Amino acid sequence: MTRILICANGAIDKAELAQACTPEFEAEILSEDCDVASIAGVAAGLAPDVLVLDTGLPGFNVRSTIQQILERSQNTRIVALSASSLPRDIVKLVAAGAQAYLPRFPKIGELRDALETVINNRIYISQRLTDNGSSGRDISSSHSGPAGPEALTPRERDILKLLTDGNTSRKIAAALGISEKTVESHRGNIKAKLGLSSVAELTKYAIRHKITTLDG
């Protein structure tokens, strides 16, 4: 029996979560009135396998809130709901310990995919948050997988890091003292070398290979 706790501030309810649970696993869905101050204690008491957590709760802090939850409920997997579309925010949440990153009010199919992924102890990031595309993919899933970081030049790694920290091509150009056109050329080369086509996929890659900056 998979125990799923909702602390989502109205972004999802028990009925929607029940729809997202596939027949492959039985789910006990728990819904509690909780806030940032109480969520770690609630999770520790109920010991859910999965916590669906709205990061828009008043007082939510990426590092301290998730750290408190995982310190008291180490085996709980966190599915984070967020209104942010910034790759840097994705990176921060995954680095803090969240295993899935979805938009607030997620689609049922996307939520189902995220639950299945985190239950299998992998990371899921919604592509809709960065690309307005279809639902996201398992960060671990690929056939042969993209090339390793060694395929990138030092300049390309710098640009990939700045890109997944949430910088635009214009800001990257200013930071590196090169033209915006050159940045765009490097971005094209990075995508071609890695076989990745979207910012969401590049963000997943940067997280996996520890290229992105996580401080700040």
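The values are calculated or read from the model by the stated rules, or taken from the named source; none is laboratory data. Because the structure is predicted, anything quoted here is derived from the model rather than measured. Here the Cβ is made from the backbone with ideal geometry for all residues, glycine too, and neighbour counts use every protein chain on show. Note: areas computed on protein heavy atoms with side chains; ligands, DNA, RNA excluded. Shrake-Rupley method; radii C 1.70, N 1.55, O 1.52, S 1.80 Å.
Cβ-Cβ distance of residue 122 and residue 189, R₀ of 35 Å, FRET efficiency by 1/(1 + (r/R0)^6): the value works out to about 0.75.
Calculated mean residue ellipticity at 222 nm for the chain: -13500 deg cm²/dmol, from DSSP H runs with n ≥ 4 weighted as -39500 (n - 2.57), summed, divided by the residue count and rounded to 500.
Qualifying GluC sites (Glu not before Pro) in the range 25-79, where qualification requires a DSSP coil assignment and no more than 10 other C-beta atoms within 10 Å, comprise 26. Here the accessible area of the chain is 46 percent carbon and sulfur, with a 1.4 angstrom probe and all protein chains present. Stretched out straight at 0.36 nm per residue, the stretch from residue 63 to residue 198 would grow longer than its current Cα-Cα span by 45.9 nm. Between the beta carbons of residue 170 and residue 1, assuming R0 = 45 Å, the FRET efficiency works out to 0.30 to the nearest 0.05.
Taking a straight Cα-Cα cut-off under 30 Å and skipping sequence neighbours fewer than 8 places away in the same chain, the lysines within cross-link reach of residue 193 are 92, 161, 171, 181, 204, 210. Note on residue 47 and residue 181: the extension gain reaches 43.1 nm, defined as 0.36 nm multiplied by sequence separation minus the Cα-Cα distance. Computed with a 1.4 Å probe over protein heavy atoms only, the accessible surface of the chain comes to 48 Å² per residue.
Where both bridge residues fall in the chain, DSSP classifies roughly 10% of the beta bridges as antiparallel. Compute the FRET efficiency between residue 72 and residue 95 as 1/(1 + (r/R0)^6), taking r as their Cβ-Cβ distance and R0 = 25 Å, and round to the nearest 0.05. With a Förster radius of 25 Å, E is 0.80. You can think of it this way: the chain between residue 208 and residue 22 has 64.2 nm of extra reach, that is 0.36 nm per residue less the Cα-Cα gap. Can you tell me how the range 1-132 classifies by the Cα gyration tensor, rounded, prolate or oblate, using a/c under 1.5 as the rounded cut? Rounded shape, in that the Cα axes give a/c under 1.5. Taking the Cα centre of each part, how many Å lie between the range 1-70 and the range 74-130? Here the answer is 13 Å between Cα centres.
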